[in-house]
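J.: Below you'll find the structure I mean.
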Amino acid sequence: MTAETIIQSLASGLLMGLLYGLIAVGLALIFGLMDVVNFAHGEFLMIAMYASFFLFAYFALDPLLSAPLVAAALFVFGAVVYLLVVRFAVRAKANTGMVQIFSTFGLAVLMRGVAQYFFTPDYRSIPHSWLGGKTISIGGIYLPQPQLVGALIAIAAFAGLYFFIHRTDFGRALEATREDAGAVALVGIDKNKVFALGWGLGAALVGLAGAVMSIFFYVFPDVGASFATIAYVTVALGGFGSVFGAFAGGIVVGLVEATTTLILPPSLKTVGIYGVYLLVVFIRPRGLFGSI
Amino acid sequence: QTSEVKIGVIYPFSGASAQIGVDAQRAFETAAEIINGKYDFDLPLARTEGLPGLGGAKIKLVFADHQADPQKGRAEAERLITQEKVVAVIGSYQSAVAVTASQICERYQIPYLSADNSSPSLHRRGLKYYFRAAPHDEMFSQAMFDFFDALKKKGTKIETLALFHEDTIFGTDSSNAQLKLANERGYKIVADIKYRANSPSLSAEVQQLKAANADVLMPSSYTTDGILLVKTMAELGYKPNAIVAQDAGFSEKALYDAVGDKLEGVISRGSFSLDLAAKRPMVGKINDMFKAKSGKDFNDYSSRQFMGLIVMADAINRAKSTDGEKIRDALAATDMPGDQTIMPWKRVKFDESGQNNDADPVLLQYVGGKFVTIFPTQAAVAEASWPMK
Amino acid sequence: MTALLETRNITQRFSGLTANSDVSISVGRGEIVGLIGPNGAGKSTLFNLIAGAFKPTEGTIIFDGEDVTALPAAERCQRGIGRTFQVVKSFESMTVIENVIVGALVRTTNMRDARRKAHEVLAFCGLDARADVLASDLVPSEKRRLEVARGLATEPKLLLLDEVLTGLTPVESQKGVELVRRVRDTGITVLMVEHVMEIVMPLVDRAIVLDLGKVLIEGKPADVVRDPKVISAYLGDRHAVGA
Amino acid sequence: MLSVRDVTTAYQGLVAISNVSIDVEKGEIVCVAGANGAGKSTLLKSIAGAERPRAGSVTFDGNRIDGMAQHLITAKGIAYVPENRRLFPRLSVRDNLRLGSYLYRSEPNREEPLDFVFKLFPRLSERLEQRAETLSGGEQQMLAIGRALMTRPRLLMLDEPSQGIMPKLVDEIFQAVKRIRDAGMTVLIVEQRMAECLEIADRAYILQTGRVLMQGTSAEISGNKDVRRAYLGL
Amino acid sequence: MDQAFIQRRRRDLVIAAFLAAIAAAVPLFVKDVYVQNIMVLTLMYAALSQSWNILSGYCGQISLGHALYFGLGAYTTAILFTKFGVLPWFGMIAGGLISAVIAMALGYPCFRLGGHYFVIATIVIAEITLLLFQNWDWAGAALGIDIPVRHDSWLTFQFTRSKLPYFYFALTLACVAWFVTWRLEDSKWGYWWRAVKDNPVAAESLGVDVFNSKMGAAAVSAFLVAIGGSFYAQFVSYIDPESVMGFQFSLLMALPAVLGGIGTLWGPMLGAVILIPLTELTRSYIGGSGRGVDLIVYGGLIIAISLARPQGLVSLFSRKRKPAAQPVREAVAS
Ligand SMILES: Nc1ncnc2c1ncn2[C@@H]1O[C@H](COP(=O)(O)OP(=O)(O)OP(=O)(O)O)[C@@H](O)[C@H]1O
Ligand SMILES: Nc1ncnc2c1ncn2[C@@H]1O[C@H](COP(=O)(O)OP(=O)(O)OP(=O)(O)O)[C@@H](O)[C@H]1O
Ligand SMILES: CC(C)C[C@H](N)C(=O)O
Ligand SMILES: [Mg+2]
Ligand SMILES: [Mg+2]
């Protein structure tokens, strides 16, 4: 194993990690901070990727250009999903966790069905885009441009979310609603508005991820499944209630994945990721930076 | 007599491989159309309406979704047999499902025909009602190594191979066959990379391939991973000398739509090639019929699915009965000359285990946006260009 | 005869804050001891340490002649320490009787016995009419009574009562006082926290005042409330005269 | 200012208060007393919008507020400190207080009442970074009242504010209530400690088994023989 | 005073016996093997869900990794049978015991975890095991294990066509799982579990051994689920890692309980009776179109049911609150 291989591994791992982070940032908001389970996270990503794909296919909009549009569309979608489905799920008196799992699982199945109905199960991908296939090579180390841009967007998204949660009243209201949705009315907060916005925002972040992903990934109705578990693990590894944790979680996942393959057969690389998750929570039951 | 003969078709219609199921549906419908209608093709049952052996009875297809789950495949096979009263079952894309579905068929004495399952172990289970007209992975792999041997004789340097295969039954079987052949024929495997199907990232895998830098990269991957593999290779600056693929994703349109420009000169095994249309015009016409339904050209899978129904219908016709055992016997007695198929096969004739050993696989090369047959020589329409561009 | 409970030099720190510092108290068998002191003085913390909810930073706890400092809460309960929580912790999805049965099961695994015991205790606490109501449907004062009932069901030697008699009208308080007396009469030693002097004064045999995590003074309630330090830290001027 | 007319409220079919009517005038301190389960908390909940009355009306400043969403009622200027406090347990004391001024987030001097709260409960200013759930019982009660004050209510409703508060502070709280009133707010207070409460209250109501048993000025109520026996323990 | 309670438990037992008797008679009238197949699956999932419910419903430790025990049961039986010729009946017990031991071993580090951390740990552990099996050549790796079917026999628990033996086994398993739950519900364990679920700190203060409660629940739950897995291996006669250890099993075990009422005696049964036929029928009768309509219907129904009855369908059967539950109102001032 040459030094170059190792450096390349780490570089790819880091980029991939930031990408996982980008995919997880929306979940970090909904699952990590608002403490609502969204089993349809992968399906949110799926429709975001479809949105990017179709904007490209019909309007020749490059995914980078359409990203804000996709994010906006997903914002609306997320808010609607909250108001139509999740709102009732979080209202359950007992076992809200399971009710959330159950109803968002139903939503995931439904979304897959709808995607298959309207988009067919064909695999789609964007063959030519500004960044697609482009790569920067520094001394034999290759850094694919889509991932680089994805990494930058991930950093920006996390920074934005961090600011939003820690520096705005809205972020505080969001946390308060998570803590006791029944009590926020005591200070004049409309819990549904706060959570609908939270869901919208979380979905919009997924929209960004979807746009970036569509540059170099394929999309089909079941594509979400490949990312969902990793996204959950990323958020939990970083720790619930911490934006920075999810960011760090993504990087750790990416690096672990890259380095596992230096030791184990690649088919077992997720074993490395999962193993690290277990290791971390066995030592720190609240993940790396979790507060709740 | 019966005016309708029901044949069960079990495929994945939802889940990760739904696309295959949906394309398969179109292929089977095309075949049924030809059987049930009158067409001037030199194909069994094309020129007559329906099945003359059964008084012109029409074929009716009953589709069932197995969602790639062996248990569901089994339940659906059983439902088709007992409720829908199908007289035969065709399936199933995933070999794991074929295991259970064919077992159920055996129990009910209903013939099961693998249109496209490629796992070699399937016909070695001593089942009486199991048939496969198409080649299996060992036959396919053999063709590849024959091709290597031929190239080597001509002086091309092929010494090292890199295997890249998914961790499913298909990937495992395929790589096992390739490993065995490589050992027998003196090729060195410098990388044997098993990866998790539908991985979110393949960069670590590609790095290992790049580091191994084999003379030939041999992927056994489905469309999704194929697309990601090719994109990742480009991103990490890995340009293999040659790619010889175990079909699957590498014969899917979606893959070439996505990354075709990076695949000029890629070679894939297959059992079908459109260039056959030059020799057998009906192939082009049938392809057009299929394309009208699906928007796609026949590929390795859809062509095999198409033939699967033709072979089955032909046997039912000869059996002159809808009785499972009679159909089975008729299948066992099948002897269909190659030029009465749309495939480059010598003929369709099953051995006692139900495998057709005369289904010669071909190797195709992707040149200028389409596939041309390059091997074996008797079927080839062009010389292989090696290394790939 | 030795004291039932003794804490020796208990200190408890929470990141930077010392909630208990060098607390040594003892409670004799059959006593009703009042633990009083300003808000945040460390009373509930001391209860948590005695009951084993967490381990003290320093110090030892002797219960019934045995060093229990290292024992987990469940084992202390088995040894005979029963408690209530100031911020009530009912089993919300269970009915009142079921809540109490959980407590009774420390002493018996026979369900019939446990159930009988639970009914007894509920009747004792005046909650029997609410036996089949979900705990989540109780109002706060009932929940506090449920805490007591659960604690009693474990047949403790020592019962720690943390503000279970708040929020009662004077008449109701009176009943509460009687209830605690009856508890003691069944042979249970009581250590209780209460801010309402009208309850503490007539009820407790001895009062221990905590302030800023330390024992400020202890003695007969009547003496304690006259102590200027207690008045200035805890009671305020109004109670200096009246109580 | 506040007028409750014939309000009936039930929990899953069980009537907790029936036909209760009370009035609170601007600048008053009104006390509601009664035994456990009399329906005092239910009355406050019905006003605050935490429970929806089954019948009757609640009017605040001439506007019907019954049936309105709870957060809108808060926004109208009614702050409610429930019996079980309902703090945000894993948020810091600081965040709990800041959330109190959520409605004024666009104002620069939104945290004006903070000084008042800290003067009232200096302990809170020493515990700003601590999670609310780790506060002592009394500290939690202080925080709950503090948070309510941060909403700058015109009507403050307190459900047994003295619960869990040390004697010295109980007096201070009642004095503070007076100061709160003097600062221009109106206070509706549910208390068991009628003696202290009546000292500061202008008027009082006594509830019994879900109905208004008695009402009058503080002097009238504390002069009543039955009340003295049952509620003042004299 | 306890009469009502004792009566209710008796009534549950009588109803269960009655339902079991009816269920046992159904195959005498329903001869369609497809329907019988659905009934077998329904009973199997009812049993699995009932077992899952012990750990996740009663004890509150939500596991979405129970496919692990299901798979272990299936693999143990299949390996013992195909490689060592051990009869499946013994394989079943072995699988159950192995699963129970592994559940406790895993519980050791995992039960310290709370909430979502625990849930994700269960998912991840099952997934790791799946991957290991997928790569374990001796156990057939991705190729799985094809259990050779010879002839009908109770000894090897193999029946080529008849579903009845499987049906009666699944029925028995469902009854056993139900009975175990019924029995444990009114025992120290049952109370401990519910206490631990509601408030572990309070439970601890009442002498509940929180950790061992969880361990007990995990062991019972894993044992029963593994029996289900063994049964499945026999029933399908072919297993591979994805088809016995996949995440979908973990979900399919949890869903009936959630749908019917998590942590209740009847919830899992009720949920399975509705959910499993729904799953099977939507796929069979609309799935063949290839358009995803079955998913739309199935997903839509799940959302609808879960939102309409968040407490589970059993709540439809719970009686109206009795006036006896009237709160105490001591009218002091009169
Ligand atoms: N986990 C913790 N972390 C930090 N500080 C804590 C923690 N628990 C308690 N404290 C602090 O320790 C002090 C003592 O708390 P404790 O609950 O023992 O007071 P108390 O005497 O019971 O008061 P009260 O009469 O108000 O209930 C308080 O100031 C509280 O804020
Ligand atoms: N959530 C609830 N579910 C069912 N019944 C309730 C609920 N809350 C209150 N009740 C019942 O309504 C009646 C009135 O309760 P409320 O809490 O208003 O009384 P209160 O006068 O505030 O008593 P306390 O002095 O104990 O606080 C009581 O009988 C009580 O049992
Ligand atoms: C190519 C594939 C993914 C499927 C393969 N033909 C099989 O039988 O499993
Ligand atoms: Mg306290
Ligand atoms: Mg009240």
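J.: It is to be established whether one or more residues within segment C:81-99 are under 16 Å from residue D:137 (Cβ atoms), facing another protein chain (nearest Cβ under 9 Å), within 15 Å of ligand 1 (Cβ to nearest atom) and not in a loop (DSSP other than H, G, I, E, B).
T.: Yes, segment C:81-99 contains a residue that is under 16 Å from residue D:137 (Cβ atoms), facing another protein chain (nearest Cβ under 9 Å), within 15 Å of ligand 1 (Cβ to nearest atom) and not in a loop (DSSP other than H, G, I, E, B).
J.: Now for a separate question. Could you list all residues from segment C:204-220 that are under 17 Å from the mean Cα position of the chain (by Cα) and within 14 Å of another protein chain (Cβ to nearest Cβ)?
T.: C:207, C:209, C:210
J.: Something else: Among the residues of segment E:186-203 satisfying the criterion of being open to solvent by 40 Å² or more (accessible area, probe 1.4 Å) and either within 17 Å of the chain's Cα centre (by Cα) or touching a residue at least 60 places away in the same chain (Cβ under 8 Å) (or both), which is nearest to residue C:83 (Cα to Cα)? Steps first, answer last, please.
T.: Looking only at segment E:186-203, we keep the residues that are open to solvent by 40 Å² or more (accessible area, probe 1.4 Å), and these are E:188-189, E:194, E:197-198, E:200-201.
Those left that are additionally either within 17 Å of the chain's Cα centre (by Cα) or touching a residue at least 60 places away in the same chain (Cβ under 8 Å) (or both): E:194, E:197-198.
Numbers: E:194: 19, E:197: 20, E:198: 18 Å.
My answer is E:198.
J.: Follow-up question, since we're still on this one. Which of the residues belonging to segment D:112-130 are within 14 Å of chain A (Cβ to nearest Cβ), surrounded by fewer than 22 Cβ atoms within 10 Å (Cβ to Cβ) and closer than 30 Å to residue C:141 by Cβ?
T.: Listed by number, the list holds a single entry, D:130.
J.: Specify which of the listed residues (D:94, D:90) is surrounded by fewer than 23 Cβ atoms within 10 Å (Cβ to Cβ) and out of contact with any strand residue (DSSP E or B) (no Cβ under 9 Å at 6 or more places or on another chain). Even if it seems obvious, please write down each step before you answer.
T.: On the way: D:90 fails: out of contact with any strand residue (DSSP E or B) (no Cβ under 9 Å at 6 or more places or on another chain).
Exactly one of D:94, D:90 is surrounded by fewer than 23 Cβ atoms within 10 Å (Cβ to Cβ) and out of contact with any strand residue (DSSP E or B) (no Cβ under 9 Å at 6 or more places or on another chain), namely D:94.
J.: Then there is this: Can you tell me which residue in segment C:42-83 is farthest from residue E:210 (Cα to Cα), limited to those that are within 16 Å of ligand 4 (Cβ to nearest atom) and of a type in the set (Val, Ile, Thr)? Even if it seems obvious, please write down each step before you answer.
T.: Within segment C:42-83, the first condition is being within 16 Å of ligand 4 (Cβ to nearest atom), and the residues that meet it are C:42-51, C:53-54, C:83.
Checking the rest, the ones that are also of a type in the set (Val, Ile, Thr) come to C:45, C:50.
Values: C:45: 22, C:50: 19 Å.
Among those residues, the one meeting the criterion is C:45.
J.: Filter segment A:84-101 for residues that are open to solvent by less than 50 Å² (accessible area, probe 1.4 Å) and more than 7 Å from chain E (Cβ to nearest Cβ); which is nearest to residue A:180 (Cα to Cα)?
T.: Filtering segment A:84-101 for residues that are open to solvent by less than 50 Å² (accessible area, probe 1.4 Å) and more than 7 Å from chain E (Cβ to nearest Cβ), the one nearest to residue A:180 (Cα to Cα) comes out as A:90.
J.: Right, here's the next one. Take residue A:7 and decide whether it is open to solvent by 10 Å² or more (accessible area, probe 1.4 Å), assigned to a helix (DSSP H, G or I), more than 12 Å from chain B (Cβ to nearest Cβ) and among the β-branched types (Val, Ile, Thr). Can you show your working first?
T.: Details: open to solvent by 10 Å² or more (accessible area, probe 1.4 Å): yes; assigned to a helix (DSSP H, G or I): yes; more than 12 Å from chain B (Cβ to nearest Cβ): no; among the β-branched types (Val, Ile, Thr): yes.
No; evaluated as a whole, the condition is false for this residue.
J.: Something else about it: When you go through (1) in contact (Cβ under 8 Å) with a residue 40 or more places away in the chain; (2) outside any helix (DSSP H, G or I) one by one for residue B:117, which number turns out not to apply?
T.: Unmet for residue B:117, out of (1) in contact (Cβ under 8 Å) with a residue 40 or more places away in the chain; (2) outside any helix (DSSP H, G or I): (1).
J.: OK, next. Would you be able to tell me the number of residues in segment C:218-237 that are surrounded by fewer than 21 Cβ atoms within 10 Å (Cβ to Cβ), at negative phi and not in a helix (DSSP H, G or I)?
T.: 4
J.: Of the residues that sit in segment B:68-83 and are within 7 Å of chain E (Cβ to nearest Cβ) and part of a loop (DSSP other than H, G, I, E, B), which one is least open to solvent (accessible area, probe 1.4 Å)?
T.: Here the residue is B:69.
J.: Go over the candidates B:108, B:195, B:129 one by one and state the one that is of a type in the set (Phe, Trp, Tyr) and open to solvent by 20 Å² or more (accessible area, probe 1.4 Å). Spell out the reasoning first.
T.: Working: B:195 fails: open to solvent by 20 Å² or more (accessible area, probe 1.4 Å); B:129 fails: open to solvent by 20 Å² or more (accessible area, probe 1.4 Å).
Answer to the check: B:108.
J.: Determine the pairs where a residue that is within 10 Å of another protein chain (Cβ to nearest Cβ), located within segment E:99-113, has a partner that is buried (at least 22 other Cβ atoms within 10 Å of the Cβ) and part of a helix (DSSP H, G or I) with Cβ atoms under 6 Å apart, the partner being 6 or more residues away or on another chain.
T.: Partner pairs satisfying both residue conditions: E:110/E:121; E:113/A:281; E:113/E:121.
J.: Within segment B:295-327, which residues are open to solvent by 30 Å² or more (accessible area, probe 1.4 Å) and either under 24 Å from residue B:87 (Cβ atoms) or of a type in the set (Ser, Thr, Tyr) (or both)?
T.: Going through segment B:295-327, the residues open to solvent by 30 Å² or more (accessible area, probe 1.4 Å) turn out to be B:295, B:297, B:318, B:320, B:322-323, B:325-326.
Residues satisfying the conditions are B:318, B:320, B:322, B:323, B:325, B:326.
J.: Are any residues in segment B:148-183 hydroxyl-bearing (Ser, Thr, Tyr) and either in contact (Cβ under 8 Å) with a residue 24 or more places away in the chain or more than 27 Å from residue E:131 (Cα to Cα) (or both), and if so, which ones?
T.: The initial filter retains those residues of segment B:148-183 that are hydroxyl-bearing (Ser, Thr, Tyr), namely B:156, B:160, B:168, B:172, B:174-175.
If the condition is that a residue be hydroxyl-bearing (Ser, Thr, Tyr) and either in contact (Cβ under 8 Å) with a residue 24 or more places away in the chain or more than 27 Å from residue E:131 (Cα to Cα) (or both), then B:156, B:160, B:168, B:174, B:175 are the ones that fit.
J.: How many residues are closer than 21 Å to residue D:86 by Cβ, of a type in the set (Ser, Thr, Tyr) and open to solvent by 20 Å² or more (accessible area, probe 1.4 Å) when one looks only at segment D:97-111?
T.: Selection size over segment D:97-111: 1.
J.: Anything in segment C:100-111 that is facing chain E (nearest Cβ under 8 Å) and assigned to a helix (DSSP H, G or I)? List them, or say none.
T.: Our first condition is that a residue be facing chain E (nearest Cβ under 8 Å); within segment C:100-111, this holds for C:101-103, C:105-106, C:109, C:111.
Passing the criteria: C:101, C:102, C:103, C:111.
J.: Mind telling me which of the residues A:197, A:152 ends up being open to solvent by 20 Å² or more (accessible area, probe 1.4 Å) and more than 30 Å from residue D:45 (Cα to Cα)?
T.: Working: A:197 fails: more than 30 Å from residue D:45 (Cα to Cα).
Of the residues listed, the single one that is open to solvent by 20 Å² or more (accessible area, probe 1.4 Å) and more than 30 Å from residue D:45 (Cα to Cα) is A:152.
J.: Just one of (1) more than 21 Å from residue A:80 (Cα to Cα); (2) at the interface with another protein chain (Cβ under 10 Å from one of its Cβ atoms) trips up residue A:190, so point out which.
T.: For residue A:190, the exception is condition (1).
J.: Right, next: Within segment B:236-263, restricting attention to residues that are without any contact (Cβ under 8 Å) to a residue 40 or more places away in the chain, open to solvent by less than 10 Å² (accessible area, probe 1.4 Å) and over 18 Å from the mean Cα position of the chain (by Cα), which residue is farthest from ligand 3 (Cβ to nearest atom)?
T.: So in segment B:236-263, the residues without any contact (Cβ under 8 Å) to a residue 40 or more places away in the chain come out as B:236-239, B:245, B:249-250, B:255, B:257-259, B:261-262.
From the residues that got through so far, the ones that are open to solvent by less than 10 Å² (accessible area, probe 1.4 Å) too are B:236, B:245, B:249-250, B:255, B:258-259.
In the following step, the residues that additionally are over 18 Å from the mean Cα position of the chain (by Cα) were identified as B:236, B:258-259.
Numbers: B:236: 25, B:258: 18, B:259: 18 Å.
Only one residue fits best here, namely B:236.
Listed here are the residues, each with its yes/no results for (1) without any contact (Cβ under 8 Å) to a residue 60 or more places away in the chain; (2) more than 9 Å from every other protein chain (Cβ to nearest Cβ).
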residue	(1), (2)
B:194	yes, no
B:212	yes, yes
B:216	no, yes
B:229	no, yes
B:232	yes, no
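J.: Restricting to segment D:35-68, and then to whatever is more than 14 Å from chain E (Cβ to nearest Cβ) and basic (Lys, Arg), can you tell me which residue is nearest to ligand 4 (Cβ to nearest atom)? Working first, answer last.
T.: Initially, segment D:35-68 is screened for residues more than 14 Å from chain E (Cβ to nearest Cβ), giving D:43-68.
When the remaining residues are screened for being basic (Lys, Arg), the result is D:45, D:52, D:54, D:64.
Numbers: D:45: 26, D:52: 34, D:54: 37, D:64: 41 Å.
Here the residue is D:45.
J.: State which residue is farthest from the other protein chains (Cβ to nearest Cβ) when the search covers only segment E:170-183 and only residues that are surrounded by 20 or more Cβ atoms within 10 Å (Cβ to Cβ) and not hydroxyl-bearing (Ser, Thr, Tyr). Before the answer, list the steps.
T.: Initial filter on segment E:170-183 (surrounded by 20 or more Cβ atoms within 10 Å (Cβ to Cβ)): E:170-171, E:173-175, E:177-178, E:181.
Among the residues that remain, those that are also not hydroxyl-bearing (Ser, Thr, Tyr) are: E:170-171, E:173-175, E:177-178.
On the way: E:170: 14, E:171: 18, E:173: 17, E:174: 18, E:175: 22, E:177: 19, E:178: 19 Å.
This residue is E:175.
J.: What is the one condition in (1) touching a residue at least 24 places away in the same chain (Cβ under 8 Å); (2) closer than 30 Å to residue C:220 by Cβ; (3) open to solvent by 20 Å² or more (accessible area, probe 1.4 Å) that residue C:107 does not satisfy?
T.: The failed condition is (2).
J.: Does residue E:74 meet the test of being away from chain B (no Cβ under 14 Å) and at negative phi? Walk me through it before giving the result.
T.: Details: away from chain B (no Cβ under 14 Å): no; at negative phi: yes.
Considered against the rule, which asks whether it is away from chain B (no Cβ under 14 Å) and at negative phi, residue E:74 comes out as no.
J.: Could you tell me how many of the residues in segment D:1-39 are in a loop (DSSP other than H, G, I, E, B) and surrounded by fewer than 16 Cβ atoms within 10 Å (Cβ to Cβ)? Walk me through how you get there before you give the answer.
T.: Of all residues in segment D:1-39, those in a loop (DSSP other than H, G, I, E, B) come to D:1, D:12-13, D:25-28, D:35-39.
Within this subset, residues satisfying the condition of being surrounded by fewer than 16 Cβ atoms within 10 Å (Cβ to Cβ) are D:12-13, D:25-27.
Of the residues in segment D:1-39, 5 are in a loop (DSSP other than H, G, I, E, B) and surrounded by fewer than 16 Cβ atoms within 10 Å (Cβ to Cβ).
J.: May I pose another question? Can you spot a residue in segment C:9-21 that is within 27 Å of residue C:185 (Cα to Cα) and either surrounded by 18 or more Cβ atoms within 10 Å (Cβ to Cβ) or away from ligand 2 (no atom under 16 Å from the Cβ) (or both)? Show your work before the answer.
T.: Initial filter on segment C:9-21 (within 27 Å of residue C:185 (Cα to Cα)): none.
Looking through segment C:9-21, none of the residues is within 27 Å of residue C:185 (Cα to Cα) and either surrounded by 18 or more Cβ atoms within 10 Å (Cβ to Cβ) or away from ligand 2 (no atom under 16 Å from the Cβ) (or both).
J.: For segment E:204-229, which positions are facing another protein chain (nearest Cβ under 7 Å), buried (at least 24 other Cβ atoms within 10 Å of the Cβ) and assigned to a helix (DSSP H, G or I)?
T.: Scanning segment E:204-229 gives a single hit, E:205.
The values are calculated or read from the model by the stated rules, or taken from the named source; none is laboratory data. This is a predicted model, so every value here is computed, not measured. Neighbour counts run over all protein chains shown; Cβ positions are idealised from the backbone, glycine included. Note: areas computed on protein heavy atoms with side chains; ligands, DNA, RNA excluded. Shrake-Rupley method; radii C 1.70, N 1.55, O 1.52, S 1.80 Å.
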